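The values are calculated or read from the model by the stated rules, or taken from the named source; none is laboratory data. Remember, it's a predicted structure, so these values are computed and weren't measured experimentally. With ideal geometry, Cβ positions are generated from the backbone for all residues, glycine too; neighbour counts draw on all protein chains shown. Just the protein is used for accessible areas: all its heavy atoms, side chains included, with ligands, DNA and RNA removed. Shrake-Rupley method; radii C 1.70, N 1.55, O 1.52, S 1.80 Å.
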Amino acid sequence: NKCRMCSKLFCSNCIVKSNFPIPDYLLNIEFQTKISQQNDAQKDCDSHKQYLCSCGMKDDCLTVAIAECMEILKCGTQNTCGVYMDMFFINECLLVTFDLPSSEVQDSYATKAMRYSHVASIVADISGFSTAYNAAKFVYMSSVGYNILLKAGMFSVAGPMLESLKVYGITGPNAILRLYYLSCKHTLLNKMETNRTIRSQLLQSNSSQESEDSFPNGVLGASCPPELLDYISEFVGPAQWLYIATLPPPHNEDKWNGWYLSRLISRQGWTVLMCVNETTRLPNGQKCPAFALVVRNQEATGGREAMLVIRGSQSTMDWAINFDEEVTEFQYWYVNDNGSYISSTGQVHRGIHQGALGILDGYNLRPYLLKLWGRGYVTTIVGHSLGAGTAALIAAELRNSCRENAFDGTLTSIKAVVFSSPAIVTDNLATAFVQSELLVNVIYGNDIVPRISKRNMATLAKEIIEFGDSHLSAEWAKADRSDLANYFTNLGKAAAIKHQKNEESSANNDDSKKVENLGDDSCLPNAVVVEDAASSVPETSISALESVVDTVATENEKKQLELEAFKAAAVVLLPPGPIAFIFKEITGAYETCVLSHRHQTFARMELMLEHAVEDHRMFTYRKALEAARFRTRYLSQYKQQEKQQQDELTHPSIHRLRASCSIKAELLLRKSSIVSKESRTRQSILADGVKSDSIFSSSTSTSSQIWRNCSVCELDVAWPYMMHSDANRATVTHNCSKCHAVVCTLCAPVGDKIPGDGLNQSIQLRDLRIALPNMGVFEPQRVCIPCYFESNTTISLP
């Protein structure tokens, strides 16, 4: 082929097509003429990507084009960020906003093709072909089965995880089912735990890497100080800016999104200097997540502030950054207690580090950030998920640059506040980050993103293989397969309540509600009796629910040895700390503690169906943080008032003795109410006398009288559903947040969907969540309907 710049002929090994647009002036005159003769559709398809010679020499055309395009990118930063910064420095109290883009939105070839596809679907619908198409898709994909199995949004998490599990040999159509059944086991184990609170588990847990000099048990503080929670809350909004400031098509371009962001945050006094609201691949191959640089000067309130906000994963290129899990060397310089510089050398996540360098050096933001810091602006790097890891490394890079350039200033004015940062650094670097007070990392509950690492994935792969070959997994798959066959045979007939035998009814009158074996198709006391109808259902309809046991024992033993060797050789990456950990207690109250990066809770992945996706969203982080702050303030004020009343009782005056005693009695009454209800453990989902260890043992099968019935309707908690295996029980069994009794979805609804009468039909239940302020719970919680009726309409606070 012929190089488009030098017009020389090269073999296929010495010429490549660029993955970035090449400016026309770099091309040979022959190809410039060809491009000028192309119409708009051809130009849009070609995107100006050209074949250039790449011989491995310093002066080959591809290297020259990369260098030139990188200079063009830096000039673009100067024309946007530099110009707006100069305008801002002229009058730092004047708010500068982006102008409304003057150019009209271009209708591209791709958007036209998308509209034509919509027209084609309408024509198919009118002509009657869409019915046949949807029916074929329904049978082939077994969509009902997948909707039931993945109803908790697990697929959005399972997709990236399955991609990572391929390296461990877990592939094929059964991989998703292996992951699903293991997550059901983890959820059941969590719901069986009733004796210990989450706080006691965290504080008693040993660290994954014990050390004599620091963080011996992985716990830095039993609770987060109110000042720390207030500080973190200031950055919850900025962490969501780039998620929200995205206009719908056809205005989903950087110039329009930058203008919209400047309008959204102008009320808080922020000036947008630069905004790139989509993940980009630079000419040198670096992939950069979306980011925005903003500044403000409010001397009356907050003083001078600069903030670099980085978005999390939202595109395929974002996940490509996450999957680049190889490590690279990194040296971090920080000031010790003696005031001298010391360094810590370790390894960091290569993909995320390249993204950080792309923002700092590719877009050339490093000198602008250092300029702001040099003028006294407190510089904070904020991010969520992928953006959190990138923000942590950018903050470390900026502090290194301050030392290299011998800038005068306070290094602690460069910090990062990150939410759900993935594991990106080795232990020594994470320790240096803590000692230098580089950042604060906020992690909520069962968010799996901070726990995704090579070490944890190897452990998870081992669990998947072991549980996938167990008798229990096979029983669950068999029960689900039979239930799905019955569902299709009966055309999606809704489940009906079946009368129980006399001896079973009498057993259900006491506190130990007992049910029959849900894994046995011949005895389902509270639901439709499953018939063996698999032969009457098309094989393609149930192909998605084949047995997960598809490998022989010898192959699994070989995989186990390979996993152990891979885990031993893998570099252990950890989430940076210190970590402000927010969690939800079994009572529904949001509580906090301060953990180190070595805590055992980050050394293992627990796949919780009900929280796998929800716990990672910034909306959930915002809700949990607000509830934890309110609870912390409420309890601190309560303790302060109690101490004040005790002091008054110690030195009382006659005229206020009676009032003090009445207030004291009221405070003690409320305190006893809070303590008694918070200390109450939730009711076990197991029947009385059943041990949790026996459920998952290889020698014990799930016999009858294992699970507790719903405390309200006294029926099996799974009766309204299509599937009745113990795997489905993991998501349909709940505990009332007020009385803590075991309840079914129907008797404690929060807007859930249950199967309706007919194929692919569903019924959405009402949402009856309420807050429980007398228990210290200020967010709406799932409660049973009797507790909902008994809820007090008046709320009294100390």
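Residue-wise test of (1) more than 16 Å from Val449 (Cα to Cα); (2) outside any helix (DSSP H, G or I); (3) modelled with pLDDT of 80 or more; (4) acidic (Asp, Glu).
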{"position": "Met608", "(1), (2), (3), (4)": "no, yes, no, no"}
{"position": "Thr620", "(1), (2), (3), (4)": "no, no, yes, no"}
{"position": "Leu625", "(1), (2), (3), (4)": "yes, no, yes, no"}
{"position": "Gln637", "(1), (2), (3), (4)": "yes, no, no, no"}
{"position": "Gln641", "(1), (2), (3), (4)": "yes, no, no, no"}
{"position": "Gln645", "(1), (2), (3), (4)": "yes, no, no, no"}
{"position": "Leu649", "(1), (2), (3), (4)": "yes, no, no, no"}
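Of all residues in the stretch 18-33, which are of a type in the set (S, T, N, Q) and under 43 Å from the mean Cα position of the chain (by Cα)?
Ser18, Asn19
List every residue pair whose Cβ atoms lie under 9 Å apart, where the two residues are 6 or more positions apart in sequence or sit on different chains, the first residue falls within the stretch 245-269 and is without any contact (Cβ under 8 Å) to a residue 24 or more places away in the chain and under 27 Å from Asn297 (Cβ atoms), and the second residue, located anywhere, is assigned to a helix (DSSP H, G or I) and open to solvent by 70 Å² or more (accessible area, probe 1.4 Å).
Between residues of the stretch 245-269 that are without any contact (Cβ under 8 Å) to a residue 24 or more places away in the chain and under 27 Å from Asn297 (Cβ atoms) and residues that are assigned to a helix (DSSP H, G or I) and open to solvent by 70 Å² or more (accessible area, probe 1.4 Å), the close pairs are Leu264/Ile244.
Under the condition of being in contact with a helix residue (DSSP H, G or I) (Cβ under 9 Å, 6 or more places away or on another chain), of a type in the set (Lys, Arg) and more than 13 Å from Tyr363 (Cα to Cα), which residue from the stretch 267-311 is least open to solvent (accessible area, probe 1.4 Å)?
Arg311
Any residue in the stretch 307-328 that is in contact (Cβ under 8 Å) with a residue 60 or more places away in the chain and over 19 Å from Thr246 (Cβ atoms) sitting within a Cβ distance under 8 Å of a residue that is of a type in the set (Val, Ile, Thr) and part of a strand (DSSP E or B)? List the pairs, counting only those 6 or more apart or interchain.
Between residues of the stretch 307-328 that are in contact (Cβ under 8 Å) with a residue 60 or more places away in the chain and over 19 Å from Thr246 (Cβ atoms) and residues that are of a type in the set (Val, Ile, Thr) and part of a strand (DSSP E or B), the close pairs are Val327/Val348.
When you look at Arg729, is it in contact with a strand residue (DSSP E or B) (Cβ under 8 Å, 6 or more places away or on another chain) and open to solvent by 40 Å² or more (accessible area, probe 1.4 Å), yes or no?
No: the conditions fail for Arg729.
Can you work out which of the residues in the stretch 224-241 that are open to solvent by less than 20 Å² (accessible area, probe 1.4 Å) and part of a helix (DSSP H, G or I) is nearest to Gln298 (Cα to Cα)?
Looking at residues that are open to solvent by less than 20 Å² (accessible area, probe 1.4 Å) and part of a helix (DSSP H, G or I), I get Pro238.
State all residues of the stretch 430-475 that are farther than 21 Å from Ser164 by Cβ, open to solvent by 20 Å² or more (accessible area, probe 1.4 Å), hydrophobic (A, V, I, L, M, F, W, C) and outside any strand (DSSP E or B); if no residue qualifies, say none.
Of everything in the stretch 430-475, those that are farther than 21 Å from Ser164 by Cβ, open to solvent by 20 Å² or more (accessible area, probe 1.4 Å), hydrophobic (A, V, I, L, M, F, W, C) and outside any strand (DSSP E or B) turn out to be Val434, Ala474.
With respect to the numbered conditions (1) open to solvent by less than 60 Å² (accessible area, probe 1.4 Å); (2) under 30 Å from Phe581 (Cβ atoms); (3) in contact with a helix residue (DSSP H, G or I) (Cβ under 8 Å, 6 or more places away or on another chain), which one is the sole condition not fulfilled by Ile244?
(1)
Out of the helices (runs of 4 or more DSSP H) lying entirely within the stretch 1-119, which hold 1 or more residues that are modelled with pLDDT of 80 or more and either surrounded by fewer than 17 Cβ atoms within 10 Å (Cβ to Cβ) or small (Gly, Ala, Ser) (or both)? Steps first, answer last, please.
Numbers: elements: 29-36, 40-46, 61-77, 83-90.
Once the helices (runs of 4 or more DSSP H) in the stretch 1-119 are filtered for at least 1 residues that are modelled with pLDDT of 80 or more and either surrounded by fewer than 17 Cβ atoms within 10 Å (Cβ to Cβ) or small (Gly, Ala, Ser) (or both), what remains is 29-36, 61-77, 83-90.
Among the strands (runs of 3 or more DSSP E) lying completely within the stretch 312-429, list those that include at least 3 residues that are more than 21 Å from Val440 (Cα to Cα) and open to solvent by 10 Å² or more (accessible area, probe 1.4 Å).
On the way: elements: 327-335, 341-349, 378-384, 414-419.
The strands (runs of 3 or more DSSP E) meeting that bar are 327-335.
Being over 19 Å from Thr601 (Cα atoms), polar (S, T, N, Q) and at pLDDT below 85, is that true of even one residue in the stretch 427-442?
Scanning the stretch 427-442 turns up no residue that is over 19 Å from Thr601 (Cα atoms), polar (S, T, N, Q) and at pLDDT below 85.
If Ser662 satisfies all but one of (1) under 28 Å from Lys478 (Cβ atoms); (2) at pLDDT below 65, what's the number of the condition it fails?
With (1) under 28 Å from Lys478 (Cβ atoms); (2) at pLDDT below 65 applied to Ser662, the lone miss is (1).
Any chance you could count how many residues in the stretch 582-614 are open to solvent by less than 10 Å² (accessible area, probe 1.4 Å) and within 25 Å of Ile244 (Cα to Cα)?
Total meeting the criteria: 1.
Each row is one residue, and each column tells you yes or no for (1) over 26 Å from the mean Cα position of the chain (by Cα); (2) modelled with pLDDT under 90; (3) among the acidic types (Asp, Glu); (4) under 20 Å from Asn486 (Cβ atoms).
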site: Trp719; (1), (2), (3), (4): yes, yes, no, yes
site: Met723; (1), (2), (3), (4): yes, yes, no, yes
site: Arg729; (1), (2), (3), (4): no, yes, no, yes
site: Cys739; (1), (2), (3), (4): yes, yes, no, no
site: Cys744; (1), (2), (3), (4): yes, no, no, no
site: Cys747; (1), (2), (3), (4): yes, no, no, no
site: Gly758; (1), (2), (3), (4): yes, yes, no, yes
site: Arg766; (1), (2), (3), (4): yes, no, no, no
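Any residue in the stretch 737-748 that's among the polar types (S, T, N, Q): show its pairings with residues that are part of a loop (DSSP other than H, G, I, E, B) and open to solvent by less than 20 Å² (accessible area, probe 1.4 Å) at Cβ separation under 6 Å, as long as the two are six or more apart or on different chains.
Matching pairs, first to second residue: Ser737/Gly588; Ser737/Val783.
Across the stretch 750-770, what is the number of residues that are of a type in the set (A, V, I, L, M, F, W, C), part of a strand (DSSP E or B) and either open to solvent by 50 Å² or more (accessible area, probe 1.4 Å) or over 22 Å from Cys710 (Cα atoms) (or both)?
Residues that pass the stated criteria total 1.
Do we have Val717 as under 18 Å from Arg682 (Cβ atoms), β-branched (Val, Ile, Thr) and in contact with a strand residue (DSSP E or B) (Cβ under 6 Å, 6 or more places away or on another chain) here?
So Val717 does not fit the description; no.
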